[in-house]
1. Kindly write out, for segment 112-129 in residue order, the coupling ³J(HN,Hα) from the Karplus curve 6.51 cos²θ - 1.76 cosθ + 1.60 (θ = phi - 60°), rounded to whole Hz, with x marking Gly and Pro.
2. Taking the Cβ of HIS228 as the center, what net charge do the other residues with Cβ under 13 Å away carry, scoring Lys and Arg +1 and Asp and Glu -1?
3. Which distance in Å, rounded to a whole number, links the C-alpha centroids of segment 305-324 and segment 346-408?
4. Which FRET efficiency, nearest 0.05, do ARG365 and HIS244 yield, Cβ-Cβ r, R0 35 Å?
5. How big is the accessible area of PHE140 in square angstrom, nearest 10, if you roll a 1.4 angstrom probe over the protein chains?
6. Share of segment 274-405's accessible area from carbon and sulfur, percent, 1.4 Å?
7. Express the carbon and sulfur contribution to the solvent-accessible surface of segment 75-271 as a percent, rounded to the nearest whole number, probe 1.4 angstrom.
8. How much mean residue ellipticity at 222 nm does the chain get from its helices, if each DSSP H run of length 4 or more adds -39500 (n - 2.57) and you divide by all residues, to the nearest 500 deg cm²/dmol?
Amino acid sequence: MTGSNQQGNLQDHSDLSHGVCLGFDTRAIHHAFDPAAFSRAVQPPVFLTSTYGFESVAANDAAASHGGRLYAREYNPTTEILEQRLANLEGAEAGLVVTTGMAAFGTLILSLLSQDDELVVHNTLYSNTVAMVEQGLPRFGIKVVPVDLSEPSNLDAAITDKTKLVYFETPVNPLSTILDIAAIAERAHGLNVKVAVDSTFASPALQRPIEHGADIVLHSLTKYINGHGDTLGGALLGDAETLHMLRETGLRYITGATLSPHSAFLILRGLKTLSLRMERHSASALAIARMLEAHPAVAWVSYPFLESRSIARKQMTQGSGMLAFGLHSGFEGARTMLDRLQLVTRAVSLGDTDSLIYHPASILRARQSIRKDAHLIEGVGEDLVRLSVGLEDVSDLIADLRQALQVL
Ligand SMILES: *Cc1c(COP(=O)(O)O)cnc(C)c1O
């Protein structure tokens with residue numbers, strides 16, 4: 001089984017597979033959970049404990065010398081199932097889950113980079129990742145070099161002998177543009193630099209960056225992987241050596257951002273339906289992108305599978321549920337349209353069962369009254385509206401969007 005991760009005592013269901021690799025959905029439901037180890041419970045139990053006791057000092061010594069399953073900041077049986085299952089689905093050797101996607105980014109960067117190291121990033125990223133690279137990391141002496149990775153050859157000038165990592169999202173939040181994972185990884189590896197990809201917008205059901213050459217994958221589990229808008233979480237997936245380091249330094253004492261086992265349980269439950277949900281998110285988003293593209297009030301639409309865009313089709317199986325668009329009536333038109341919506345919820349976040357819509361420039365203007373240095377992310381215009389297409393009937397979503405656009 002690709003990337004199966006057998007650090008723990010949990011089976012990988014290879015006994016069910018008769019030696020054949022099980023499909024993605026089967027693994028999303030069963031991988032790394034052995035009911036026999038848990039009173040034959042069909043669903044994984046939630047272990048609410050802060051620490052683990054030992055029958056003797058010698059047993060405690062043995063545990064401490066084998067990765068230290070002593071304390072729940074670093075080890076929890078419920079959480080371990082989620083980590084092994086996510087690693088398996090991404091084709092990674094190992095995984096680590098933490099409280100949020102931002103905690104995953106902090107854990108990654110603060111574990112792998114030190115003072116005077118350099119980080120190369122794509123010039124458009126999730127807004128709080130931008131805040132971290134612009135305001136957070138320079139305080140620790142880490143230099144951040146933003147480049148346009150839609151042209152992978154830009155890496156040649158950006159990478160120096162101090163560069164430790166190349167980091168980007170694809171699809172890119174909030175533009176829904178696509179970066180070529182294989183082309184970027186090939187260039188970076190040619191210069192001996194590792195590549196980490198934030199694959200939150202796609203989820204492993206649609207895109208597995210490691211198969212295209214990436215070294216590490218980051219997810220905000222808050223989004224599609226949990227999928228129900230009822231908990232936060234983050235994940236890092238990659239080779240066993242790096243993940244060991246991320247757990248033993250990043251999680252243990254740098255961030256301490258341990259996911260609660262209850263959240264791990266919720267995310268395991270969401271994960272069981274991931275590919276079913278992604279199919280519907282993708283089909284509905286494509287239909288909505290086509291409707292918007294043909295609408296006279298709409299100036300532009302960005303959705304990965306709208307055209308026969310070759311890079312998206314090369315690395316994703318479907319386009320996911322995220323799209324961006326702008327109206328001819330720009331900033332004011334976006335505000336009017338959002339106010340008129342009755343079914344689609346005005347909210348940040350994404351990847352939920354419920355459709356969510358967000359106008360970054362409006363939030364920004366409001367925020368500037370309390371934060372003078374707040375600015376729009378590179379590539380994000382005042383007109384940009386981001387839509388996370390949910391699992392409602394697509395005919396209802398299209399009707400709501402149409403009536404909201406009618407006056408524009
Ligand atoms: C939401 C998001 C994050 C941050 O995740 P949280 O769980 O909200 O901390 C990181 N990257 C992308 C692409 C996101 O959409």
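The values are calculated or read from the model by the stated rules, or taken from the named source; none is laboratory data. Since the model is a prediction, treat every value here as computed from it, not as a measurement. Neighbour counts run over all protein chains shown; Cβ positions are idealised from the backbone, glycine included. Heads up: the accessible areas ignore ligands, DNA and RNA and are worked out on the full protein's heavy atoms, side chains in. Shrake-Rupley method; radii C 1.70, N 1.55, O 1.52, S 1.80 Å.
1. Karplus values, whole Hz, x for Gly and Pro: 8, 10, 10, 3, 6, 6, 10, 10, 9, 10, 5, 6, 10, 9, 3, 4, 7, 5.
2. Charge balance near HIS228 sits at +1.
3. Spelled out, the Cα-based centre of one part sits 20 Å from the other.
4. 0.20
5. Surface open to solvent at PHE140 totals about 100 Å².
6. 52
7. 50
8. -10000 deg cm²/dmol
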